[in-house]
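Quick notes on the structure that follows.
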Amino acid sequence: MNYAELQFIIAECGMRGYAQVDAPGAYLKGVNAAMEYWGLTAPASYLSSAKVQLLPTDSDHAKLKKVHLQKYYAMLFTDFQQWYEYRRTQLLDLYKGPGLLNQGKMPVRLNYPTIVQSLNKVNYQDAVSRMGGDGINEKMWWQPSIN
């Protein structure tokens, strides 16, 4: 986990009331840290843009969307992390382009690995029966619908 991701987590926790922290300050630290991590310098107009700033007139939902969009940018090449965040929060309106090979739906989970299917067959079959299958569209017990 890098510093930018940590700051976005702190910002989200503050906004959701989980911790008494300076959520807007953590958010800006996250944006700046992400830019620095990628070797970029943000134009002054970027940070003052209404699309980036957490405005007093923004709803809580809109503020969280801004945090998660910046977190998405910060974690762009970090394995599956953005997908996990997308599934967890459902805050981003990601474009589902023509290359998405799942009838236009974002997958909600990965299939069980073959080794689990073969070495833990009884529990695998139990889990699959409770979920309704082992497809990438079968939600796990904790997942809300995201498509």
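Please treat every number below as a calculation from the coordinates, not as lab data. All values reported here derive from a predicted model rather than from experimental measurement. With ideal geometry, Cβ positions are generated from the backbone for all residues, glycine too; neighbour counts draw on all protein chains shown.
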Net lengthening on full extension, S59/N137 (0.36 nm per residue, minus Cα-Cα): 25.0 nm
Per residue of segment 33-46, in order, report the coupling 6.51 cos²θ - 1.76 cosθ + 1.60 (Karplus, θ = phi - 60°) as ³J(HN,Hα) in whole Hz, putting x for Gly and Pro. 5, 5, 4, 4, 4, 8, x, 10, 10, 6, x, 4, 5, 5
Cα-based Rg of the chain per 2.2 N^0.38 Å, rounded to two decimals? 1.26
Given the pairs K63/K105; K96/K139; K65/K96; K29/K71, which span a C-alpha to C-alpha distance of over 22 angstrom in this model? K63/K105
Per residue, the convex hull enclosing the Cα atoms of segment 42-121 spans a volume in Å³ of 141 Å³
With at most 11 neighbouring Cβ atoms within 10 Å, loop trypsin sites (Lys or Arg not before Pro) (DSSP) excluded, longest segment of the chain: 52-147
Quick one: which residues, 5 or more positions from N102 or on another chain, have an amide H under 5 Å from its amide H? H modelled 1.01 Å from N in the peptide plane, none for Pro or chain starts. none
Backbone HN-Hα couplings from phi across segment 66-71 [Karplus 6.51/-1.76/1.60, Hz, Gly and Pro as x]: 5, 4, 6, 5, 5, 5
In terms of modelled amide H atoms, which long-range or inter-chain residues lie less than 5 Å from the amide H of L55? none
Could you derive backbone 3J(HN,Hα) for segment 133-143 from the dihedral phi with the Karplus parameters 6.51, -1.76 and 1.60 (θ = phi - 60°), listing whole Hz in sequence and x where the residue is Gly or Pro? x, 10, x, 6, 9, 7, 6, 7, 4, 8, 8
Alpha-carbon Debye profile of segment 11-75, log10 I(q)/I(0) at 0.19 Å⁻¹: -0.70
Order of T57, T41, T89 - criterion: other Cβ atoms within 10 Å of each residue's Cβ, fewest first: T57, T41, T89
Note the per residue figure in Å³ for the convex hull of the C-alpha positions in segment 106-147. 60 Å³
Dipole of segment 3-89 [Lys/Arg +1, Asp/Glu -1 at C-beta], most positive-end residue of T78, F8, P56: P56
In nm, to one decimal, how far is the S45 label point from the D79 one, both placed 7 Å along Cα→Cβ? 3.9 nm
